[in-house]
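Taking it in order: structure first as structure tokens, then the write-up.
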Amino acid sequence: MQTKLTELKARLLEASDLNRANALLFWDQSTYMPAGGAEARARQSALLSRLAHERATDPAIGHLLDDLQPYAEGLPHDADDAALIRVARRNYERAIKVPAAFVGEMTGHQAESYQVWAAARPGNDFKKVQPYLEQTLDLSRRYAQYFAPYAHIADPLIDEADYGMKASTVAAVFAELRRELVPIVRAIALKPLADDACLRQHFPEAAQWAFGLDVAREIGYDFERGRLDKTPHPFTIDFAVGDVRITTRVDEQNLGDALFSTVHEAGHAMYEQGVRPEFEGTPLGGGASAGVHESQSRLWENIVGRSRGFWQFYYPRLQAAFPTQLRDVPLEAFYRAVNKVQASLIRTDADEVTYNLHVMLRFDLELALLEGQLAVKDLPEAWRERYRTDLGIAPADDKDGVMQDVHWYGGLIGGQFQGYTLGNILSGQFYAAALQAHPEIPAEIAQGQFGTLLGWLRGNIHQHGSKFTASELIQRVTGGPLSIEPYIGYLRTKYGALYGL
Ligand SMILES: [Zn+2]
């Protein structure tokens, strides 16, 4: 059995290494590659994708998994080997359901569609992307068919990002959240708008960069095993437990942009850096689900990074870094500015309270598209309509409307957005559990000490990688299933105080 297990791990490691090598090509393309490299890079990347898919779907892996099944069944559910065989089987069975020819067609189309979107978006030209999006919808439906039977056509796509979730379960959670959230949004809308002019001054890039680096390091992102670079869209990418990189962007006219993006990505990266090293290159490396991953980034960005305690500690240093801009802005005014709530058009710029409304409407539109209830040509108007009803405003153009997110233009339609809101919900639930174990955490944050919180996250969440499913992890960590209560409670307390609700 040990020989077979060793062989299984060796084969899985090869597939993983090919994917990591491909990820490095992507990182380089996003950061430093000259434009002239694009064509060769696309070809090299497609080759590595194909080789990785071939390795991952090699029938030899299936035979090894069959042979190892009795061994896995003799182990406790939470034994490392049992989890490894269980997750490897899940991944293998998913991969072999999709023919290699389809994967080639899909990745080729996605690369082309992304290029067309990137070129058409500044010119606000939805007509250009429409035929590509129609083909993406067709590919998404065909992709789902490989996993039939299912209760809803979006289920296989949702399951891929947030294993164990279905359209019906996500819709039920979202309906419950909406019932609690909308009255809070309405109540805040009746109050005077917070003033965030202090964030909208000129803040030179070098000083912003230095401050963001310090904060990322001090909250616990390990630069011995990571680095920070600049890209138009911030992201986290990992090549090994010892090499997890983040990127950010800097807007000299908006102090919040780089700072909170950096903290957000550091939250993702600390998760990856905290996975047990022996899981590296196995299916147990990496995060449990899109939702759990996002819970870590949002916990650091919002619950910690937008808390009063965090700024009690950091604000004097921020004022010292930008004396002319912030000298006359009191801490309380700054705290209100970074927590300004206002209905807006762009998801990634949205505040904590309205953010989930952006996600929920995208989730509903994905279902309508996949069900055939909504045609791609009618999508821009459906988008505007939902923004009008849900947020009370609508974009004047498609650039800031249906063309704002890369997801549908570089990926499939379905399963792309629910993880963001599941992550918000989980950030509240996990943080409440951390506070129960360590009530001293908020006082420590106000002293610039983050070790207790990070240690708790490491011990309870990070180290396990994807050994446990999201629902298993939530049960282990919080003692119950997914619940919106802690998150809603957090929003009510914080924004109730801020807006006098
Ligand atoms: Zn994120």
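The values are calculated or read from the model by the stated rules, or taken from the named source; none is laboratory data. Small disclaimer: the values here were computed from a predicted structure and weren't measured. No Cβ is skipped: glycine too gets one built from the backbone with ideal geometry, and neighbour counts run over all protein chains shown.
Scanning the stretch 466-481 for residues that are over 18 Å from the mean Cα position of the chain (by Cα) and buried (at least 17 other Cβ atoms within 10 Å of the Cβ), which turns out farthest from P283 (Cα to Cα)? Residue satisfying both the conditions and the ranking: T478. Contact map, the stretch 291-307: residues that are touching a residue at least 24 places away in the same chain (Cβ under 8 Å) paired with residues that are within 11 Å of the ligand (Cβ to nearest atom) and part of a loop (DSSP other than H, G, I, E, B), Cβ distance under 6 Å, separation 6+ or inter-chain. Pairs shown: H293/G287. When the stretch 394-434 is examined, which residues are found to be small (G, A, S) and away from the ligand (no atom under 13 Å from the Cβ)? Result: A394, A396, G401, G410, G411, G414, G415, G428, A432, A433, A434.
Scoring L284 on the criteria (1) of a type in the set (A, V, I, L, M, F, W, C); (2) over 27 Å from A433 (Cβ atoms); (3) more than 12 Å from the ligand (Cβ to nearest atom) leaves a single failure, condition (2).
Taken over the stretch 84-100, the criterion of being closer than 19 Å to M1 by Cβ and touching a helix residue (DSSP H, G or I) at 6+ places or on another chain (Cβ under 9 Å) is satisfied by L84, I85, R86, A88, R89, Y92. Pairing each residue of the stretch 85-113 that is without any contact (Cβ under 8 Å) to a residue 24 or more places away in the chain with any residue that is surrounded by 17 or more Cβ atoms within 10 Å (Cβ to Cβ), provided the two are 6+ apart or on different chains, yields C-beta distances under 8 Å for R86/A72; E112/Y132.
Does E472 count as away from the ligand (no atom under 16 Å from the Cβ), without any contact (Cβ under 8 Å) to a residue 24 or more places away in the chain, touching a helix residue (DSSP H, G or I) at 6+ places or on another chain (Cβ under 8 Å) and not hydroxyl-bearing (S, T, Y)? Spelling it out, it is not the case that E472 is away from the ligand (no atom under 16 Å from the Cβ), without any contact (Cβ under 8 Å) to a residue 24 or more places away in the chain, touching a helix residue (DSSP H, G or I) at 6+ places or on another chain (Cβ under 8 Å) and not hydroxyl-bearing (S, T, Y).
Among the residues of the stretch 301-330, write down those that are within 17 Å of L498 (Cβ to Cβ), out of contact with any His (no Cβ under 9 Å at 6 or more places or on another chain) and surrounded by 16 or more Cβ atoms within 10 Å (Cβ to Cβ). I303, V304, R306, S307, R308, G309, F310, W311, Y315, V329 - these are the residues of the stretch 301-330 that are within 17 Å of L498 (Cβ to Cβ), out of contact with any His (no Cβ under 9 Å at 6 or more places or on another chain) and surrounded by 16 or more Cβ atoms within 10 Å (Cβ to Cβ).
Considering the stretch 269-281, the residues that are away from the ligand (no atom under 16 Å from the Cβ) and of a type in the set (A, V, I, L, M, F, W, C) include one that is surrounded by the most Cβ atoms within 10 Å (Cβ to Cβ), namely V275.
Answer yes or no: is there a residue in the stretch 404-415 that is part of a helix (DSSP H, G or I), in contact with a Gly (Cβ under 9 Å, 6 or more places away or on another chain) and not aromatic (F, W, Y). Within the stretch 404-415 (the criterion being part of a helix (DSSP H, G or I), in contact with a Gly (Cβ under 9 Å, 6 or more places away or on another chain) and not aromatic (F, W, Y)), the answer is no, since none of the residues qualifies. The single condition from (1) touching a Pro at 6+ places or on another chain (Cβ under 6 Å); (2) farther than 20 Å from A368 by Cβ; (3) among the aliphatic types (A, V, I, L, M) that L75 fails is (1).
Okay, residues lined up against (1) modelled with pLDDT of 95 or more; (2) within 16 Å of the ligand (Cβ to nearest atom); (3) closer than 26 Å to A52 by Cα; (4) hydroxyl-bearing (S, T, Y):
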| position | (1), (2), (3), (4) |
| --- | --- |
| Q253 | yes, no, no, no |
| H264 | yes, yes, no, no |
| A290 | yes, yes, yes, no |
| S297 | yes, yes, no, yes |
| I303 | yes, yes, no, no |
| R308 | yes, no, no, no |
| L326 | yes, no, no, no |
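In the stretch 339-351, what count of residues is obtained for those that are in a helix (DSSP H, G or I) and among the hydroxyl-bearing types (S, T, Y)? The qualifying residues number 1.
Scan the stretch 36-46 for residues that are loosely packed, with under 15 Cβ neighbours inside 10 Å and either at pLDDT below 90 or of a type in the set (D, E, K, R) (or both) and the total you get is 3.
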